[in-house]
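This report concerns only the one structure given below.
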Amino acid sequence: MTSKPPFKVADINLADFGRKEIIMAEKEMPGLMSLRKKYGAEKPLKGARVAGCLHMTIQTAVLIETLTELGAEVQWSSCNIFSTQDHAAAAIAKSGVPVYAWKGETDEEYIWCIEQTLIFSDGQPLNMILDDGGDLTNLVHEKHPNLLADIKGLSEETTTGVHNLYKMMREGKLKVPAFNVNDSVTKSKFDNLYGCRESLTDGIKRATDIMLAGKTCVVAGYGDVGKGSAQSLRAFGARVLITEIDPINALQAACEGYQVTTMDEAIKQGASIFVTTTGCRDIITGEHFNMMRDDSIVCNIGHFDIEIDVKWLDQNCVEKINIKPQVDRYLLKSGNHVILLAEGRLVNLGCAMGHPSFVMSNSFTNQVIAQIELWTKPGQYPVGVHFLPKKLDEEVARLHLDHLGVKLTKLNATQSEYLGLPVDGPFKPEHYRY
């Protein structure tokens, strides 16, 4: 640990290119830039040593530099072996922040990168965690429990990581206060929904150049990610089928005009493009591959690579041909082919550039606020999983309105009294679902 390299990226010479894109992204991330303006002078994160494990993209670079502007020391790894944008990693490494991330890591290199972020250059360990998916959280709890005593808290970005936190809590394994950033309204109802609506089809088209109009597509899961994915495919003229386990989500899909059926039935109806969004394992299996049309395209936009049985493809194919990075064509014994994108990992980050900067500003503003809450209010949040208050959620949204030219209507005193609401909010109860 003490002799670790100051950074490890694919090519430090990409830093200038990365910096140009970071400057452009800042203009599309008004929430983060507002936090810099508001808190930059007082440095509320001074003394915080934040270990981050989240997709090392241009947008994440703006997040990192917001944390450092607010006083934190930061070290970073990516939470997916294919999601790093190498020019972004290079730019952050050149700025002096230790980054350990490059596109195309092996699984072993991925763990090594996370390990590098635990101890800082002065020999002091991390005292804050910013995670996406739970790998950093689990690594510290399982392999480095001696570091937990100094950790003031963690903030978790995504649905999969939040499920992990609640599971840890139920089993008595969670040892630090945690913020569920994912279920802030300005995260899940924006990043998960509108982000996927733009980035899913971007990934599919960059990878395959396929025409979506007229195709029959399956979206497995109709949560926020599934909703955005289905809207995106439908907007291109595709016929979209939905699979679901939850009767409420299934009814929502049906009321939006989607046919809800099983994976087996969807394949029989001639589907040729398959997108998994569930966060669950074994959604598309060997049995399904054997039933599919020739050259069906299969991809995942859930967090981990467990939704598609890639191992079955590798073990049972006659031939596997790599068409280009993150695009593999498998020949099956039946004579049909399956085209797998991003090895079953996040297709929008593996085959494209992930979500746009503006929607990530919503998510990452929540992350920074959560880090400030945990760092500046020690003892206020007991060990457990917490949410940001509704007032802060509304403030995150408010910070993004001017950029879109939105003009809010304001309650007058009579209306405020009638509704029993403050003129400036919060406007909805905690249980309101949006």
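The values are calculated or read from the model by the stated rules, or taken from the named source; none is laboratory data. For clarity, every value in this text was computed on a predicted model and none was experimentally measured. Neighbour counts run over all protein chains shown; Cβ positions are idealised from the backbone, glycine included. Please note that ligands, DNA and RNA were not included when accessible areas were found on the heavy atoms of the full protein model with its side chains. Shrake-Rupley method; radii C 1.70, N 1.55, O 1.52, S 1.80 Å.
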Heavy-atom accessible area per residue - the range 128-244, 1.4 Å, Å²: 36
Counting DSSP beta bridges with both partners in the range 280-342, what percentage is antiparallel, nearest 5? 70
D_trans [Stokes-Einstein, Kirkwood Rh over alpha-carbon pairs] for the range 240-321, 10 °C, 1.306 mPa s, µm² s⁻¹: 117
Rounded to the nearest 0.05, FRET efficiency between M24 and H431 (Cβ-Cβ, R0 45 Å) equals 0.70
Taking θ as phi - 60°, what are the ³J(HN,Hα) couplings along the range 178-185 by the Karplus curve (6.51, -1.76, 1.60), each to the nearest whole Hz, with x for Gly and Pro? 9, 9, 7, 6, 3, 8, 4, 4
Among DSSP beta bridges whose residues both lie in the chain, state the antiparallel percentage, nearest 5. 20
Of Q315, F274, A149, whose Cα points farthest to the positive end of the dipole of the chain (charges on the beta-carbon: +1 Lys, Arg; -1 Asp, Glu; origin at the Cα centre)? A149
Quick one: with all protein chains in place, what share of the accessible area of the chain is carbon or sulfur, to the nearest percent (1.4 Å probe)? 53
The range 311-383, accessible area per residue, ligands and nucleic acids excluded (1.4 Å, Å²): 40
To the nearest 10 square angstrom, how much accessible area does M353 have with a 1.4 angstrom probe? 70
Computed [θ] at 222 nm, helices only, for the chain once each DSSP H run of length n ≥ 4 contributes -39500 (n - 2.57): -11500 deg cm²/dmol
Taking the Cα centre of the range 293-402 as origin, work out the dipole magnitude from +1 charges on Lys and Arg Cβ and -1 charges on Asp and Glu Cβ, in debye rounded to 20. 60
Sorted by chain and then number, the residues having a modelled amide H within less than 5 Å of the amide H of Q259, at least 5 places away or on another chain, are I242
Point-charge dipole on Cβ atoms (K/R +1, D/E -1) for the chain, about Cα centre, debye to 20: 780
Over all distinct alpha-carbon pairs, what is the Kirkwood Rh of the chain in angstrom? 22.5
Can you tell which of I248, I308, I204 shows the greatest fluctuation in a Gaussian network model of the chain with Cα springs below 10 Å? I248
Assigned charges on the beta-carbon of Lys, Arg, Asp, Glu; the range 127-281 dipole about Cα centre (debye): 180
Amide N of the range 204-246 lying under 16 Å from the label point, which is placed 7 angstrom from the Cα of M291 along Cα→Cβ: 217-221, 241-245
For S296, which sequence-distant residues (separation of 5 or more, or a different chain) have an amide H within less than 5 Å of its own amide H, given hydrogens modelled in the peptide plane? H337, I339
Only Cα pairs under 8 Å and at least 6 apart count here; give the relative contact order of the chain as a rounded whole percent. 16
If I take R0 = 25 Å and measure r between the Cβ atoms of I12 and W112 in this structure, what FRET efficiency does the formula 1/(1 + (r/R0)^6) give, to the nearest 0.05? 0.85
Per the rule of 0.36 nm per residue minus the C-alpha distance, extending Q269 to K311 adds in nm 12.5 nm
Apply the Karplus parameterisation 6.51 cos²θ - 1.76 cosθ + 1.60, with θ equal to phi minus 60°, to every residue of the range 143-152 and state each ³J(HN,Hα) to the nearest whole Hz, in sequence, with x for glycine and proline. 9, 9, x, 5, 8, 5, 4, 8, 7, 7
Along the Cα-to-C-beta direction of K143, a point sits 7 Å from the Cα; which residues of the range 8-33 have their amide N less than 19 Å from that point? 8-9
Roughly speaking, what is the stretch gain from F387 to N336, that is 0.36 nm per residue apart minus the C-alpha to C-alpha distance, in nm to one decimal? 13.6 nm
If I stretch the segment between Y166 and L401 completely, what's the gain in nm (0.36 nm per residue apart, minus their alpha carbon distance), one decimal? 81.3 nm
For the range 1-135, what is the Kirkwood hydrodynamic radius in Å, using each pair of distinct C-alpha atoms? 14.7
What does the range 55-114 give for Rg and for Dmax, in Å, if only its C-alpha atoms count? 10.9, 33
